[in-house]
Amino acid sequence: MTEKKIGVVGGKGFCLGFKLAGIQRQFIVKDEEYREKMLELNERDDFGVIITDGDQFSTLPFETRQKLKTSVSPIFVSLSEDGAGETLRKKIKESVGVDLLR
């Protein structure tokens, strides 16, 4: 099995925290580029998890959000201030059904 990467998609401020946490694969995008980048990443097989800004994610058309939410590989995890109390680990576990960071 090939090792998959973790990527982050969002604005500069959103991505900075993940860079400091050691996640090096970042895609800093403006709102108008966001949908295209998300669909592009959905087609790639080298990423296992894509972490994205929940505020930007909510601006996507319903069909696009559903397509990304039901993606098996990569798995898309959207984080926002509303879910600030939940950890990334818990969100990934809910998405995948398995604790990948164990």
Of the numbered conditions (1) of a type outside the set (Lys, Arg); (2) modelled with pLDDT under 95; (3) closer than 17 Å to GLY10 by Cα; (4) over 11 Å from the mean Cα position of the chain (by Cα), VAL96 fails exactly one; give the number of that condition.
-> (3)
Scan of the stretch 1-44 for residues that are modelled with pLDDT of 90 or more and part of a loop (DSSP other than H, G, I, E, B), ordered by number = GLY11, VAL29, LYS30, GLU43, ARG44
Pairs, please: C-beta under 7 Å, at least 6 apart or cross-chain, first residue closer than 12 Å to ASP53 by Cβ and in the stretch 21-36, second among the small types (Gly, Ala, Ser) and not in a strand (DSSP E or B)?
-> ILE28/GLY11
Near pairs, Cβ below 8 angstrom, 6+ apart or cross-chain, from the stretch 5-18 (closer than 18 Å to ASP46 by Cβ and surrounded by 22 or more Cβ atoms within 10 Å (Cβ to Cβ)) to any residue that is of a type in the set (S, T, N, Q) and at pLDDT 90 or above | GLY7/GLN26; VAL8/GLN26; VAL8/THR52; VAL9/GLN26; VAL9/THR52; VAL9/GLN56
Are any of the residues in the stretch 74-89 among the basic types (Lys, Arg), modelled with pLDDT under 85 and on the phi < 0 side of the Ramachandran plot?
-> yes
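The values are calculated or read from the model by the stated rules, or taken from the named source; none is laboratory data. Bear in mind that the values here come from a model prediction, so they are computed numbers and not experimental data. For neighbour counting, all protein chains shown are included, and Cβ atoms are generated from backbone atoms with ideal geometry for every residue, glycine included.
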